[in-house]
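Each remark here refers to the structure printed beneath this line.
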């Protein structure tokens with residue numbers, strides 16, 4: 001059962017009671033991410049996420065870790081482009097302990113200068129780890145190309161230089177500006193009463209003062225183009241894509257079906273043509289990245305340098321087939337059922353439900369039932385998928401990034417010509 005309470009200062013508390021479950025998932029969310037940063041501040045939201053586990057007046061970092069481990073749960077945090085989350089999953093009986101720990105680190109972290117300097121090294125190691133992982137780094141390159149000159153095009157982690165420049169004063173200023181009650185959402189899913197969640201958090205969060213600073217985002221302009229980064233690797237990693245629907249668009253259901261048919265599972269066109277029939281890649285997939293006012297759809301693959309142009313030709317061919325209507329009712333039904341199954345199976349997981357509560361509140365400001373999602377997916381038609389394919393992949397509006405042992409001039413750019 002879904003419940004929502006809005007405190008007088010704007011903080012939202014959203015819960016979903018699941019009486020059959022012994023698990024409880026709790027999250028504290030704040031609608032700030034890397035897109036809210038200037039170029040000089042790049043990585044500061046992610047750095048704050050790290051620092052909130054480093055100590056409060058009543059707990060040091062070891063105590064925080066021990067207390068979370070002692071309740072047998074799983075705790076984590078992540079920073080995205082548009083929001084940051086601190087969350088954990090425990091047995092329902094441990095809710096008071098978990099709520100106390102998460103609220104303590106969220107509200108009372110000290111940001112000790114010694115911890116800040118130490119954590120800079122940790123985050124810089126994380127940056128290098130991504131740089132050493134071409135499967136991840138190719139996405140950073142593609143975002144930087146497609147959304148250049150916009151914060152959505154920058155890495156969530158920042159750079160060595162921007163992380164080195166972080167100071168306690170900057171961190172506290174960022175907190176003061178963005179960690180404000182109207183941007184905070186507390187979500188819980190599991191066997192607990194809404195009233196007990198509200199009664200715990202309301203006294204702690206009600207003292208926060210709403211911000212008078214009205215912060216607005218502007219959607220990025222796309223920058224179609226080609227970027228080839230030569231690196232001595234075993235494979236060439238490729239990312240090709242165009243602009244997709246945003247989170248509020250009704251086309252997000254159509255694009256989800258298109259994505260599934262193109263490269264979203266093992267029976268998809270690209271997986272079958274590139275891997276199963278020809279053995280040209282181990283991993284190939286399509287993906288959707290959706291934000292509040294823009295989106296992206298792309299294809300990623302890693303292959304040997306001699307096969308790059310062949311793989312790009314196959315990708316182009318399979319997209320064109322869909323653009324020309326080479327789809328059957330069986331294709332459509334299979335993709336829809338795959339998506340519906342994933343949606344309904346996720347309902348069995350309290351973490352998935354907790355995160356879904358927050359994302360629906362962030363995007364729509366209301367609860368979205370599973371039945372509503374299923375209904376939207378079932379209404380998707382073949383013509384809509386064809387139109388979607390043509391809107392996302394069209395000549396002069398797509399970008400291509402490569403990373404590996406192949407010079408840019410050797411890439412056949414005919415792969416960027418679509419119907």
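General observations
- For the chain, the percent of C-alpha pairs falling in each 20 Å distance bin, counted from 0 to the bin holding the largest distance, reads 24, 54, 22, 0.
- Mean separation of Cα contacts under 8 Å, 6 or more apart, over the residue count of the range 226-416: relative contact order %: 40
- Helix 134-146 and the longest principal axis of the Cα set of the chain meet at an angle near 80°.
- Relative frequency of Cα-Cα separations exceeding 22 Å in the range 2-205, percent: 52
- Distance-filtered residues of the range 135-157 - backbone nitrogen under 18 Å, label point 7 angstrom along residue 216 Cα→Cβ: 151
- With both labels modelled 7 Å from their Cα along Cα-to-Cβ, the residue 272 to residue 132 distance reads 4.0 nm.
- Choice from 336, 170, 353 showing the highest fluctuation, given a GNM over the chain with Cα pairs closer than 10 Å: 170
- Cα-based helix-to-principal-axis angle, 329-346 vs the chain, degrees rounded to 10: 20
- Volume of the convex hull of the range 245-354 (Cα atoms only), normalised per residue: 128 Å³.
- Helix 95-108 and the long axis of the chain differ in direction by around 90°, with both axes built from C-alpha atoms.
- For q = 0.09, 0.11, 0.14, 0.19 Å⁻¹, Debye-computed log10 I/I(0) when each Cα of the range 226-416 counts as one equal scatterer: -0.36, -0.53, -0.82, -1.29
- Comparing 42, 268, 196 in a Gaussian network model of the chain (Cα springs below 10 Å), the most mobile by mean-square fluctuation is 196.
- In this structure, residue 63 and residue 367 have a Cβ-Cβ separation that, at R0 = 35 Å, corresponds to a calculated FRET efficiency of about 0.45.
- Relative contact order for the chain, counting Cα pairs under 8 Å that sit 6 or more residues apart, in percent: 22
- Each of 226, 123 has some number of other Cβ atoms within 10 Å of its Cβ, and from fewest to most they run 226, 123.
- Prolate/oblate/rounded label for the range 16-77 (Cα gyration tensor, a/c 1.5): oblate
Here, each number is a calculation from the coordinates, and none is a lab measurement. Every value quoted in this text rests on a predicted model; they were computed, and no experiment measured them. Cβ sites come from the backbone with ideal geometry, for glycine too, and all protein chains shown count toward neighbours.
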